[in-house]
Amino acid sequence: MADDPQRNFRSAYYEKMGFRGVEEKKSLEILLKDNPLGVVPPHSDSQALVSQYRLQQFEDVSGALRAMRFTHPSTPSTELYLRMHQLESNRLPRRAQLSAPDTEDENFLAVAMAMEEIIDDPVDCYWLIRGFVNQFRIKFGDSIPHLPKSLEHFLSLEDAALLSYLRTIGALPGLPFDLWFRRCFAGGLPESSLQRVWDKVISGSCKILVFVAVEILLSYKIVIMGFNHPEAVHNFLSNLPQENTEAIVTKAIELWHKHCGTPTHAV
Amino acid sequence: LLENVKNQATEQLQASESRYLAQKQIAQALQLELLELYSKIELKTMNTWPISDPNS
Amino acid sequence: LLENVKNQATEQLQASESRYLAQKQIAQALQLELLELYSKIELKTMNTWPISDPNS
């Protein structure tokens, strides 16, 4: 074990995330345990080399952005990560045409901000954001557009009255789908609840996002049915009270098991 | 053991490749930026100093 | 067999490494050129159009 177990530990995790994350079931959970002692990182001798490569990659990319004057020393780190990711995926905008972040950028920034609360080291943090975002897009990109329909389906099974109320006041299309299904609740759930949801996402199911959304709706049914306007529903759900979220996530996971069995590969 | 060695090698290779690919993207982005700057300079030069050499 | 796998992995890693370094050289050259260009533009801007924005 090296002098900083936490670091090795994270290295081990993000490696899983980057390369074999889909098969790993408990990845984020393991990573985020308070006491990582006793966990021996796999292949610890090769970790040093891998970490070194990633550090170099981080410095190469961020250095180039600075040279191109996309960023400067006081650029917020989340914005730096966004530009780095854009550069790496060949989507860096022309500097002359830099505009306000679009929805996709905003989604990235929300994920980055949430990850930053969990991970201190910038290299690790960027690597995790990058892994999460890439994996999410590759693995679930095709499923995401269908999640709102899926939400309707499961809500109809769990509480048809609530669904029909939402439909009646025209609130269905205005539900915060971006927050739920593209940011994976980043910025919408407190850190500890978020980690449990992301853990499931990393282990290979984006369907958990639907069940969390269903449970949120069920938990606040009375509040929601007090609203007559779609905007009121949207605003409430976009700024959810933060007290009850652990229970919501627990119920969501139960619901997920109920509808999907042992949902290792339920997408 | 063999499996282990193979996994290690794969991890290292992937990290190394990722570093290489990032570097490749960097070169591309730099090239685009340079192109843009050059065309800007030439445009300015044409507009304001029609006789001067753009590289001066 | 183990030795064999190890050797092969080392070779692949070295190949990847040298590709990375080559690409890095390119990027570094481009970066230098970019720096030069920036300073040229800013110099010109300072000398001839003291009011204008260098990025305009």
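Being modelled with pLDDT under 95, open to solvent by less than 30 Å² (accessible area, probe 1.4 Å) and either touching a strand residue (DSSP E or B) at 6+ places or on another chain (Cβ under 9 Å) or under 20 Å from A:Leu147 (Cα atoms) (or both) is a property that holds for A:Val201. Go through the stretch A:115-131 residue by residue and tally those that are open to solvent by 10 Å² or more (accessible area, probe 1.4 Å) and either in a loop (DSSP other than H, G, I, E, B) or under 20 Å from A:Phe177 (Cβ atoms) (or both). The qualifying residues number 2.
Is it fair to say A:Leu87 is assigned to a loop (DSSP other than H, G, I, E, B), among the aliphatic types (A, V, I, L, M) and more than 20 Å from the chain's Cα centre (by Cα)? Answer is no for this residue. Assessment of the stretch A:148-168 against the conditions (farther than 30 Å from A:Phe58 by Cβ, in contact (Cβ under 8 Å) with a residue 60 or more places away in the chain and in contact with a Ser or Thr (Cβ under 7 Å, 6 or more places away or on another chain)) yields no matching residue.
Out of the residues in the stretch A:57-84 meeting the condition of being assigned to a loop (DSSP other than H, G, I, E, B) and not small (Gly, Ala, Ser), tell me which one is nearest to C:Leu21 (Cα to Cα). Checked the stretch A:57-84; the qualifying residue nearest to C:Leu21 (Cα to Cα) is A:Met68.
Residue-by-condition table, conditions (1) closer than 27 Å to A:Asp102 by Cβ; (2) of a type in the set (Phe, Trp, Tyr); (3) not in a helix (DSSP H, G or I):
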position	(1), (2), (3)
A:Pro145	yes, no, no
A:Lys149	yes, no, no
A:Leu155	no, no, no
A:Leu163	no, no, no
A:Leu172	yes, no, yes
A:Leu175	yes, no, yes
A:Gly187	yes, no, yes
A:Ser192	no, no, no
A:Val197	yes, no, no
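Of all the residues in the stretch B:10-26, those that are open to solvent by 20 Å² or more (accessible area, probe 1.4 Å) and either of a type in the set (Val, Ile, Thr) or at pLDDT below 85 (or both) number 1. Pick from A:Asp105, A:Asp124: which is within 16 Å of the chain's Cα centre (by Cα), touching a residue at least 40 places away in the same chain (Cβ under 8 Å) and not assigned by TED's automatic domain parsing to the domain that holds A:Leu179? The match here is A:Asp124. Tally up the residues in the stretch A:49-80 that are of a type in the set (A, V, I, L, M), at the interface with another protein chain (Cβ under 7 Å from one of its Cβ atoms) and buried (at least 20 other Cβ atoms within 10 Å of the Cβ), please. So the answer is 5. Could you please let me know if C:Leu2 is within 8 Å of another protein chain (Cβ to nearest Cβ) and at pLDDT 80 or above? Criteria met by C:Leu2.
Within the stretch A:228-242, the only residue that satisfies the criterion of being free of Cβ contacts under 8 Å to residues at least 60 places away in the same chain and buried (at least 19 other Cβ atoms within 10 Å of the Cβ) is A:Leu240.
Within the stretch A:192-207, residues that are basic (Lys, Arg) reach partners that are assigned to a helix (DSSP H, G or I) with beta carbons closer than 7 Å, at six or more positions or on different chains, in the pairs A:Arg196/A:Val249; A:Lys200/A:Ile208; A:Lys207/A:Trp256; A:Lys207/A:Cys260.
When A:Glu106 is tested against (1) in a helix (DSSP H, G or I); (2) surrounded by fewer than 20 Cβ atoms within 10 Å (Cβ to Cβ); (3) facing chain B (nearest Cβ under 10 Å), exactly one condition is not met: (3).
The values are calculated or read from the model by the stated rules, or taken from the named source; none is laboratory data. Predicted model, so just to flag it, every value in this text is computed and none were measured. Cβ: placed from backbone, ideal geometry, glycine included. Neighbour counts: every protein chain shown. What goes into the accessible areas is simple: the full protein's heavy atoms, side chains included, and nothing from ligands, DNA or RNA. Shrake-Rupley method; radii C 1.70, N 1.55, O 1.52, S 1.80 Å.
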